[in-house]
Amino acid sequence: MEPDWGAQGIRIVRSGELDSNTPQTPGMTGAAAITHATAGAKKLWAGTVVVEPNVKTGAHHHGELETVLYIVKGRARFRWGERLEFVGEAGPGDFIYVPPFVPHQEINARPDEPVEAVVVRSGQEPVVINLDIASPENTTEELPDSFHGRL
């Protein structure tokens, strides 16, 4: 029996159909686009996130999940390592890859505009392991969890 490509083929989730009924963190807004419920995805999760100016997350990792971010707008700073000793920034058009178990922190590097990003993760579970690592960043308000959409 041939697959029913009409029912089992490509799914388009329109911007107005994103699901904001996901865990939220103050200062940022996440919305799910591609999940099992919205598109039938079994191994991926994708969504959007907006991080307000002067916001940074607490240190955390996502267990065995891999994460990819694509920066649409703004300037994102990332810190990673056992003491968040490594730092890099990304702007519109840049991709960021976060390997499994890497301690990291996301920071809006601009005081005047939000960061808007697309997030893709290698699993459906909202894995966030918060870590007790002091941030080297002093200029922004620290908030828990991650701006990876699924918190």
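Read-outs throughout are calculated quantities, based only on the coordinates presented, and are distinct from any laboratory measurement. For clarity, every value in this text was computed on a predicted model and none was experimentally measured. Here the Cβ positions follow ideal geometry from the backbone for every residue, glycine too, while neighbour counts run over all protein chains shown.
Take the Cβ atoms of SER135 and ARG14, set R0 to 30 Å, and the FRET efficiency comes out at 0.20.
Close amide H partners of ILE34, meaning residues 5 or more places away or on another chain with modelled amide H under 5 Å apart, are ALA46, GLY47.
Across the range 29-143, the mean sequence separation of Cα contacts (distance under 8 Å, 6 or more residues apart), normalised by length, yields a relative contact order of 38 percent. In debye to the nearest 20, how big a dipole does the range 1-63 give about its Cα centre with +1 on each Lys and Arg Cβ and -1 on each Asp and Glu Cβ? Here the size comes out at about 180 debye.
Considering only THR35, GLY58, GLY74, and ranking their Cα positions along the charge dipole of the chain that arises from unit charges at the beta-carbon of Lys, Arg, Asp and Glu, the one farthest toward the positive end is THR35.
Of all lysines in the structure, those lying under 26 Å Cα to Cα from LYS56, and not within fewer than 8 positions of it along the same chain, are LYS73. Put a plus charge on the Cβ of each Lys and Arg, a minus charge on the Cβ of each Asp and Glu, and nothing anywhere else: the dipole of the range 51-119 about its Cα centre is then about 160 debye.
Look at SER122, SER20 and count the other Cβ atoms within 10 Å of each Cβ; fewest to most, that gives SER20, SER122. Only helical runs count toward this figure. For the chain, summing -39,500 (n - 2.57) over DSSP H runs of n ≥ 4 and dividing by all residues gives -500 deg cm²/dmol at 222 nm. As a calculated quantity, the FRET efficiency between ALA41 and VAL72 at R0 = 25 Å, using C-beta atoms, amounts to about 0.75.
Magnitude of the charge dipole for the range 29-143, about its Cα centre and with charges confined to Cβ atoms of Lys, Arg (+1) and Asp, Glu (-1), is about 340 debye.
Label the range 29-143 by shape, choosing from rounded, prolate and oblate, from the square roots a ≥ b ≥ c of the eigenvalues of the Cα gyration tensor; if a/c is under 1.5 it is rounded, and otherwise prolate applies when a/b is larger than b/c, oblate when it is not. Oblate.
Let me know the shape class of the range 62-102, please: from the alpha-carbon gyration tensor, a ≥ b ≥ c as square roots of the eigenvalues, rounded when a/c is under 1.5, otherwise prolate if a/b is greater than b/c, or oblate. The shape class here is oblate. Among VAL87, VAL49, VAL120, VAL98, the ranking by other beta carbons within 10 Å of each residue's beta carbon, starting with the fewest, stands as VAL87, VAL120, VAL98, VAL49. Between TRP5 and TYR97, residue separation times 0.36 nm minus the direct Cα-Cα distance comes to 29.9 nm.
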